[in-house]
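The values are calculated or read from the model by the stated rules, or taken from the named source; none is laboratory data. No experiment lies behind these values; they were computed from the predicted model shown. Every residue, glycine among them, receives a Cβ derived from its backbone with ideal geometry; neighbour counts consider all protein chains shown. Only protein heavy atoms, including side chains, enter the accessible area calculation; ligands, DNA and RNA are left aside. Shrake-Rupley method; radii C 1.70, N 1.55, O 1.52, S 1.80 Å.
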Amino acid sequence: MIDATEYIEALPEIAFPPQGTLTRSVGLLLEATGPHLPVGSLAMVRDGATSATCEVVGFQDDRLLLLAIDETRQLSLGSEVAPVHLTFKVGSW
């Protein structure tokens, strides 16, 4: 039998981004629990194959207020909310 310990230890640590859930939707304004994001940051709301990009525009109690940039018709309560991390490279390619 093969000892897989060495291979398992060589695997990189996997860190999942903090996630929250969609709790309310009124037009393009969405309300969600966590993750803790500052105003102006982007979040992705996913429900199966449907997703919408949103911007954090404020807070109410312990909830994020998100303004949808994309269509939100196919999203439902309980959809996953996760931060969007964008990176840009400036300078020589």
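Annotation: E6 carries an accessible surface of approximately 140 Å², with a 1.4 Å probe and no ligand, DNA or RNA atoms counted. Farthest toward the positive end of the dipole of the chain, out of L28, A82, I8, is the Cα of L28, where the dipole comes from beta carbon charges about the Cα centre.
Heavy-atom accessible area for T23, with the other protein chains in place and a 1.4 Å probe, reaches approximately 50 Å². Projected label points at L29 and L11, each 7 Å from Cα along the beta carbon direction, are separated by 4.4 nanometres. What part of the accessible area of the chain, given as a whole %, is carbon or sulfur when the probe is 1.4 angstrom? After summing per-atom areas, the C and S share lands at 57 percent. Here D47 sits with roughly 50 square angstrom of accessible surface, probe radius 1.4 Å. Here the chain is assigned +1 on the Cβ of each Lys and Arg and -1 on the Cβ of each Asp and Glu. Its dipole about the Cα centre then comes out at about 440 debye. Accessible surface for segment 30-93, divided over its residues, is 65 Å² per residue with a 1.4 Å probe. Which whole-angstrom value gives the distance between the alpha carbon centres of segment 48-70 and segment 1-47? Their Cα centres are 14 Å away from one another. Per-residue accessible area (protein heavy atoms, 1.4 Å probe) orders V56, V26 as V26, V56, starting from the largest. How would segment 37-93 be classified by its alpha-carbon gyration tensor: rounded, prolate or oblate, with rounded meaning a/c under 1.5 and the a/b versus b/c comparison settling the rest? Note, shape of segment 37-93 comes out oblate.
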